[in-house]
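Take a look at the structure below.
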Amino acid sequence: MRKLLLAAAAAAIIAIPSAVFAQAPIVIKFSHVVAADTPKGKGADKFKELAEKYTNGKVKVEVYPNSTLYKDKEELEALQIGAVQMLAPSNSKFGPIGIKDFEVFDLPYLIPNLASLRKVTDGPIGDRLLKLLDAKGMVGLAYWDNGFKQMTANKPLHVPADYKGLKFRIQSSKVLEAQFRSLGATPQVTAFSEVYQSLQTGVVDGQENTPSNIYTQKMHEVQKYMMMTNHGYIGYVVVVNKKFWDGLPADIRGELTKAIKEATVYANTSSEKENAEALDEIKKVGKTQFIIPTAAETEQMRKAMEPIYAEMGARVGKPLLDEVIKTVAGVSQ
Ligand code: LMR
């Protein structure tokens, strides 16, 4: 029976006239690691909606959320070999493919708010960083926000001494590694899809993430405390396989560029609300205790982490770091 079906399927393929193939839509596989109901998930879905509309269905976007297709490191490799066409990895995930510069965004207490971040990403620095991706077989199309990170653990953490000896899950960024080492903690790189289980089984004691990621991955169910530290930022670089992008008909590329621009406005104007709503949901569940650091505690944290600026400045590039510091300082709150 199976043989018969296969033979029938093969015959059907042979019988399809070439005109049908000519009309087949261009498929963009957009893989990501977070839930659909997050700033990035919604941005990807908005891009799909607009891309299909503007190209009158000539382009079909298949969005694969929640690491259903690839995990963090694999998705970048998949993009480079063309197994998927689009991704939006966080800034922290480009180091392993040889681009350290995006890790500048991981430096703790560097980005005070989204307005100052925008000055960096929407200005000459942002443009320059996107160009670095060309050499890696990808084109950087946009920056999408998630938001600011909070620490979670099963004990309250106020000051650096509280972090000593704890194991923290981190993204694959040397800056984040240095950040936790500066607190006397042990960092452990873990794929996003494995964070919940690592926390649940005690492989790690804590992690840092945005409320939206914490809530949608149910991390709050296995972490008793959430420290509202806002010590760092998570954002994304929307990337497309360069060969695929350059090979598109110019009119299609134009429509997709328009779609990505609008999806970017959508993503970046809704991320704060998404995170505020996720935080409310975590509060509603009622299992999490929230620690709001005092100004003096924040100052202790900042001071403990400060030495990594010199060490990591050397990694991400001192001129780049200085330029980012200057740019964010120029923005009034
Ligand atoms: C993480 O790995 O914690 C995040 O970067 C996941 C994401 O894409 O937001």
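Data overview
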| item | result |
| --- | --- |
| Helices (runs of 4 or more DSSP H) enclosed by the range 185-254 - at least 2 residues per element that are in contact (Cβ under 8 Å) with a residue 40 or more places away in the chain and within 12 Å of the ligand (Cβ to nearest atom) | 211-216 |
| Contacts under 7 angstrom Cβ, first residue in the range 61-81 being among the charged types (D, E, K, R), partner open to solvent by 30 Å² or more (accessible area, probe 1.4 Å), 6 or more apart | Glu62/Val27; Glu62/Lys29; Lys71/Ser193; Asp72/Ser172; Lys73/Pro96; Lys73/Ser172 |
| Residue satisfying all of: in the range 149-172; of a type in the set (S, T, N, Q) and open to solvent by less than 20 Å² (accessible area, probe 1.4 Å); farthest from Glu221 (Cα to Cα) among these | Gln171 |
| Helices (runs of 4 or more DSSP H) fully within the range 61-148 counting 2 or more residues that are over 17 Å from Gly317 (Cα atoms), more than 13 Å from the ligand (Cβ to nearest atom) and open to solvent by 10 Å² or more (accessible area, probe 1.4 Å) | 72-81, 114-121 |
| Pair list, Cβ < 6 Å and 6+ apart or interchain, from the range 89-101 residues that are over 21 Å from Asn209 (Cα atoms) to residues that are within 13 Å of the ligand (Cβ to nearest atom) and open to solvent by less than 10 Å² (accessible area, probe 1.4 Å) | Ile97/Leu76 |
| Total residues in the range 255-294, condition in contact with a strand residue (DSSP E or B) (Cβ under 8 Å, 6 or more places away or on another chain), open to solvent by 50 Å² or more (accessible area, probe 1.4 Å) and not in a helix (DSSP H, G or I) | 2 |
| Pair list, Cβ < 8 Å and 6+ apart or interchain, from the range 150-179 residues that are over 18 Å from Val104 (Cα atoms) to residues that are of a type in the set (D, E, K, R) and in a helix (DSSP H, G or I) | Lys155/Asp162; Pro156/Asp162; His158/Glu297; Val159/Glu297 |
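The values are calculated or read from the model by the stated rules, or taken from the named source; none is laboratory data. Remember, predicted model here, so these are calculated numbers, not experimental data. Cβ atoms come from the backbone with ideal geometry, glycine included; neighbour counts cover every protein chain shown. For accessibility, only protein heavy atoms count, side chains too; no ligands or nucleic acids. Shrake-Rupley method; radii C 1.70, N 1.55, O 1.52, S 1.80 Å.
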